[in-house]
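The values are calculated or read from the model by the stated rules, or taken from the named source; none is laboratory data. Please read all numbers here as calculations on a predicted model, not as lab measurements. So basically every Cβ, Gly included, is an ideal-geometry build from the backbone, and we count neighbours across all protein chains shown. Keep in mind that these areas ignore ligands, DNA and RNA; they rest on the heavy atoms of the full protein, side chains included. Shrake-Rupley method; radii C 1.70, N 1.55, O 1.52, S 1.80 Å.
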Amino acid sequence: MSSVSSESVPAAPAGDAGKAAAGERPGWRSRRHRWDVRFSPYAFVAPFFVFFLAFGLFPLLYTGWASLHQVELTAPTDMNWVGLRNFSRLMSDEFFWNALRNTVTIGLLSTVPQLLIALGIAHLLNFKLRGSSFFRVAALTPYATSVAAATLVFVLLFGRDYGMINWALGVVGLDPVDWQNGTWTSQLAVSTIVIWRWTGYNALIYLAAMQAVPHDLYESAELDGASRWQQFRHVTIPSLRPTILFTVVVSTIGATQLFGEPLLFSGSAGATGGSEHQFQTLGLYLYEQGWVNLHLGRASAIAWTMFLILLLIGLVNWLISRRLAKSAEGRG
C-alpha cells in the first residue's frame, strides 16, 4: 500500500525546489532592505540620544529635583524637602546678587569690545591680502589655546610687582595697579582674557558672513560714490544683522557661564573670586556652594537660576529675530 502510494505520487524535480528557494531569497532581501532603510537612521543617531539622556537630561532633571531639597554633597541620598526655599534664599543672599552683578559687568566688558574688534578684524580679512590664510589661522589660535594656559600667562602680565602691564604703565609715568585686589581692575583683567580668547573665533564667523554678501551691492554702492566706510555701514552691517545677533547671544551665554578665567586668575582666592568676592561670577558662586561648602541643594538652585536666565536670553533672541525678519519682509 505504501509502495503503491509512493509510486503514484510523482516526486518534485530538484529544479523546482531550487527555483522555490531562489524565489524566496529576493523576498527576504527586499524585506531586509526595507528594514535597513527604515531603522538604520535611528541606529546611527541612537548613541547621541543615549549620551544626551545620560549626561544631559538626567543631570538636568536631577539638579532640578535636588534644588527643591536640603541635601549635602557628603550624603547626596539624604534629601529633606524644602520646596522653593533654596530659591527664596537666593533672593536675599547678598553674595548671589554680587556674583550676578559681577557676571553682568564682566560680560559687558568682554562682549562689547570683543565683538567690535572681531568685526573690524573680519572687515580687514575680507579684502584680498597676502598671506590671508596665515592671518585667519593666527586669529583662531587663541581660541584653540587652553584656558588654563592663557589665564596663567595673563596672571603674569597683570602681576602687581613684576607684571609687564605695570611695567608699561611705569614707562609712561603712571603708578602701578593692583589688578587682582581692585574691583574694576580685576574685572577688567578677567575680561581681557575673555576678549583675547574669543575675538578671533567671532572674527571668522563674521568673515564667513561677509563673504556671503553679494558683490553687486558693493558695486552699486561704489557707483553711487560711497566710500569704504559708507559701504561698511550701509551694506556690510545690515547684511550681518542675523550673524551679529547670533554672536551677541552666544557671547552672552558664555559670559553667564564664565568659570575658568576668574577661578584661575587668583589661585589663592579660589572660588571666592578675590579677597572681597570682587570678581566672583555665578559659575564660581555655584562651585563654591556645591564643592567647597558642600551645599548641593543651594548649588542646584543656582544652576537652575542660571538656566532660567539663559532661557530668558533665548526668548529675547527669538523676539528680536522675529522683529528683524518682519522688518526685512516689510522692506522687501
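The criterion of at least 2 residues that are of a type in the set (D, E, K, R) is met, among helices (runs of 4 or more DSSP H) falling completely within the range 45-146, by 85-91, 94-125. Being of a type in the set (Gly, Ala, Ser) and surrounded by fewer than 18 Cβ atoms within 10 Å (Cβ to Cβ) is the filter here, so list the residues in the range 157-176 that pass it. Gly159, Ala168, Gly170, Gly173, listed by residue number.
A search for C-beta distances below 6 Å between a residue of the range 177-199 that is farther than 18 Å from Ile253 by Cα and any residue that is open to solvent by 60 Å² or more (accessible area, probe 1.4 Å), counting only pairs 6+ apart in sequence or on different chains, returns Asp178/Arg160.
Return the residue satisfying two criteria in turn: it lies in the range 186-239 and is of a type in the set (Val, Ile, Thr) and out of contact with any Ser or Thr (no Cβ under 7 Å at 6 or more places or on another chain), and of such residues it is surrounded by the fewest Cβ atoms within 10 Å (Cβ to Cβ).
Pass one, the range 186-239, residues of a type in the set (Val, Ile, Thr): 190, 192-195, 199, 205, 213, 235-237.
Restricting the remaining residues to those that are out of contact with any Ser or Thr (no Cβ under 7 Å at 6 or more places or on another chain) gives 190, 192, 199, 235-237.
Details: Val190: 31, Thr192: 19, Thr199: 22, Val235: 18, Thr236: 21, Ile237: 13.
Here the residue is Ile237.
Restricting the first member to the range 303-332 and to residues that are at pLDDT 85 or above, and the second to residues that are open to solvent by 90 Å² or more (accessible area, probe 1.4 Å) and not in a helix (DSSP H, G or I), no beta-carbon pair is closer than 7 Å while six or more apart or on different chains. Between Gly274, Gly290, Gly270, the distinction of being farther than 20 Å from Val194 by Cα and over 19 Å from the mean Cα position of the chain (by Cα) belongs to Gly290 only.
Looking at the range 105-137 only, could you name the residues that are among the aliphatic types (A, V, I, L, M) and either touching a strand residue (DSSP E or B) at 6+ places or on another chain (Cβ under 9 Å) or surrounded by 15 or more Cβ atoms within 10 Å (Cβ to Cβ) (or both)? Write out each step before concluding.
Initially, the range 105-137 is screened for residues among the aliphatic types (A, V, I, L, M), giving 106, 108-109, 112, 115-119, 121-122, 124-125, 129, 137.
Once the filter is applied, which keeps residues that are among the aliphatic types (A, V, I, L, M) and either touching a strand residue (DSSP E or B) at 6+ places or on another chain (Cβ under 9 Å) or surrounded by 15 or more Cβ atoms within 10 Å (Cβ to Cβ) (or both), the range 105-137 yields Ile106, Leu109, Leu115, Ile117, Ala118, Leu119, Ile121, Ala122, Leu125.
Only helices (runs of 4 or more DSSP H) wholly contained in the range 240-325 count here; list those with 1 or more residues that are β-branched (Val, Ile, Thr) and open to solvent by 20 Å² or more (accessible area, probe 1.4 Å). Give the steps one after another, and end with the answer.
Working: elements: 241-256, 260-265, 282-287.
Passing ranges, in order: 241-256.
Is it true that some residue in the range 163-171 is part of a loop (DSSP other than H, G, I, E, B) and at pLDDT below 95? Full working, then the answer.
Here is the first cut: in the range 163-171, the residues part of a loop (DSSP other than H, G, I, E, B) are 163.
Checking the rest, the ones that are also at pLDDT below 95 come to 163.
Checked the range 163-171: at least one residue is part of a loop (DSSP other than H, G, I, E, B) and at pLDDT below 95.
Among residues of the range 80-91 that are in contact (Cβ under 8 Å) with a residue 12 or more places away in the chain, those with a Cβ under 7 angstrom from a residue that is assigned to a loop (DSSP other than H, G, I, E, B) and of a type in the set (Gly, Ala, Ser), sequence gap 6+ or separate chain, pair up as Asn86/Ser67.
Inside the range 257-292, can you point out the residues that are modelled with pLDDT of 90 or more and at positive phi? If the condition is that a residue be modelled with pLDDT of 90 or more and at positive phi, then His277 is the only one that fits.
Only one of the numbered conditions (1) surrounded by 12 or more Cβ atoms within 10 Å (Cβ to Cβ); (2) assigned to a helix (DSSP H, G or I); (3) of a type in the set (Phe, Trp, Tyr) is violated by Trp179, and that is (2). The residues of the range 147-156 that are under 17 Å from Thr185 (Cα atoms) and either open to solvent by less than 50 Å² (accessible area, probe 1.4 Å) or not in a helix (DSSP H, G or I) (or both), listed by number, are Thr151, Phe154, Val155.
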